[in-house]
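To keep things clear, I will list the structure first and then write my remarks on it.
The values are calculated or read from the model by the stated rules, or taken from the named source; none is laboratory data. These figures come from a predicted structure and were not determined experimentally. Positions of Cβ are backbone-derived with ideal geometry, glycine not excepted, and every protein chain shown enters the neighbour counts. Surface areas here come from the heavy atoms of the whole protein model, side chains and all, with no ligands, DNA or RNA. Shrake-Rupley method; radii C 1.70, N 1.55, O 1.52, S 1.80 Å.
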Amino acid sequence: MNEPAQLIADMGRKARAAFAKLTGVSDAQKSDALVAAAQNLRAAQSSILAANQRDMDGARSRELSDSMLDRLMIDEDRLEAIAAAVENVAKLPDPVGQIIDRGARPNGLVMERVRVPLGVIGIIYESRPNVTADAAALTLRSGNAVILRGGSEAIESNRAIFEAMSAGLVKAGLPENAIQLVQITDREAVGAMLKASGLIDIIIPRGGKSLVKRVQDEARVPVLAHLDGVCHSFIDKDADQAKAIAIAVNAKMRRTGICGAMETLLIDQDYPAPGPLLRALIDAGCEVRGDDAVLELDERIVSADDSDWGTEYLAPIVSVAMVNGVDEALAHIAEHGSHHTDVIVTEDLPTAEIFIQRADSAIVMHNASSQFADGGQFGLGAEIGISTGRLHARGPVALEGLTTYKWVVRGTGQVRP
C-alpha cells in the first residue's frame, strides 16, 4: 500500500474508533469542547495569522486569482468570526437523539424515527481555511468523526487552526481523533479518501467544479455535493426601483468570490428603469456583459456570448439579459442555472409566488440578496456547504444535514403471528 493510501486507512480506523466513543458523549460535553476550541483559536491568533501569511505569500507567488486570495486570507476580524461561529455551533440544539416522528401500531408496537450521526465524514475542500473550523465544529456537534483534507494553498493555515481546535477538544475530554487533518498535500490522498469504503461513510467536497467532478467521478462512498453557484436575480416589471438597485449591487459586489454571489441578472423588458440599475453595478466596479437589448442601455456594457449564461465568474463580472416576464425568466434559469440560489425582486405577490413555486433551486428568495445563501444567515450557526442535489439534504447543510435516522421499535412482548 502506498503512503497516502496507508495514511488514509490509518486515519479512517482511528476515526471509527473515535466515532464509537462519541456515541457516549453528552450534549454538554460536546458544547463545552467547542467553547474550549473557540477560546484556543483566539489564544492562537498570532500563530494562525503568521501561518496564513505564509500561505498568502505562496499563493501570490503562484499568481492565484484575486477571488482565491480573498477566500484564503485571514485577518483578525475573520479569525474572530471563525471563533464566534464555533461558539455559535456550541449553542445550537443537539440534533442527535431527536425523535422525528412517533406512531403506534394496532398491535401496540411504538415506532420512532430517531436522529443519529452519519458516522465518519470525509471533507475535501479548497482555499478557505475557515472550513477547517466550521467543518470540525459541525461534525463534532452532530456526533460525527471527521477527516479533513484542505487545499495545498491553505496547508499552513489549516494546520494552525486544526492544532488550536484539537487541543481544545482534548482539554474538554473528547477523543483526540474525533477530528483529523490530512497533513500531506499529495493529491493521491484525495483518491484514497474517495475509495475508503467501510472507513469513511460519506464525502463532502467544497471547492471548484474540477474538484467536485473528480469526487463524483471517483468516489466509492456516498457524496453530498454541489457544482456551480450560478445564481440569478430576476428584476420583475413591478420591482421597487430602490430595492432592485440595492439587492443587485449587494448580490454581485458584497463578496464576488462566494457561491451565493449573483452571476446573472435578468430584467423584465417592461421594467421601467433598467439604465440606473446597470449604471449602479458599473459604478460599483462591475463589468456588465449583456445581450443585444442590454447593450443599448450603456456604452460601457460589453457583449455577452453563449458561454456567459452558465458561468460562475466568482469575480466582479455579471451577465445580464432582458426577458419577457416571469415565465421567460424561469425558462432561462432552468436552462442555465445550477439549482443553487435564485431571487425575484417584485412587489407583486402573485408573481413572486409563481417564481417561488416553480424555481427548481435549493434556495429561492423574494426581495433579498442572494448573498444570504449561507448557513450562518439561516440561523444554522455555520455550514458544511450548499447542497444542490435532491437526496438527503438540500440547501445549507448544517447539523441536521449531518445526521440520518434509525427506527426504534418499542414493544411489550409482541411476537409476529
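Only helices (runs of 4 or more DSSP H) wholly contained in the stretch 35-97 count here; list those with 2 or more residues that are free of Cβ contacts under 8 Å to residues at least 24 places away in the same chain, of a type in the set (D, E, K, R) and open to solvent by less than 40 Å² (accessible area, probe 1.4 Å). Helices (runs of 4 or more DSSP H) meeting the threshold: none at all.
Restricting attention to the stretch 291-320, the residues being open to solvent by less than 50 Å² (accessible area, probe 1.4 Å), among the polar types (S, T, N, Q) and assigned to a strand (DSSP E or B) number 1. The residues of the stretch 117-128 that are closer than 24 Å to Ala9 by Cα and either surrounded by 24 or more Cβ atoms within 10 Å (Cβ to Cβ) or of a type in the set (A, V, I, L, M, F, W, C) (or both), listed by number, are Leu118, Val120, Ile121, Gly122, Ile123, Ile124, Tyr125.
Each residue in the stretch 165-180 was checked for being open to solvent by 10 Å² or more (accessible area, probe 1.4 Å), of a type outside the set (Val, Ile, Thr) and part of a helix (DSSP H, G or I), and 5 pass.
Within the stretch 360-371, residues that are in a loop (DSSP other than H, G, I, E, B) sit with their Cβ atoms under 7 Å from residues that are open to solvent by 40 Å² or more (accessible area, probe 1.4 Å), at 6+ positions apart or across chains, in these pairs: Asp360/Ala334; Asp360/His339; Ser361/His339; Ala362/His339; Ala362/Arg394; Asn367/Lys243; Ser369/Asn250.
If you go through the stretch 122-159 and keep only what is in a helix (DSSP H, G or I), among the small types (Gly, Ala, Ser) and in contact (Cβ under 8 Å) with a residue 60 or more places away in the chain, you end up with Ala133, Ala135, Ala136, Ala137, Ala154, Ser157. Against the numbered list (1) under 19 Å from Glu296 (Cβ atoms); (2) free of Cβ contacts under 8 Å to residues at least 40 places away in the same chain; (3) open to solvent by less than 50 Å² (accessible area, probe 1.4 Å), Ala284 comes up short only at (1).
Applying the criterion of being part of a helix (DSSP H, G or I) and at pLDDT 90 or above to the residues of the stretch 215-231, the residue that is surrounded by the fewest Cβ atoms within 10 Å (Cβ to Cβ) is Asp217.
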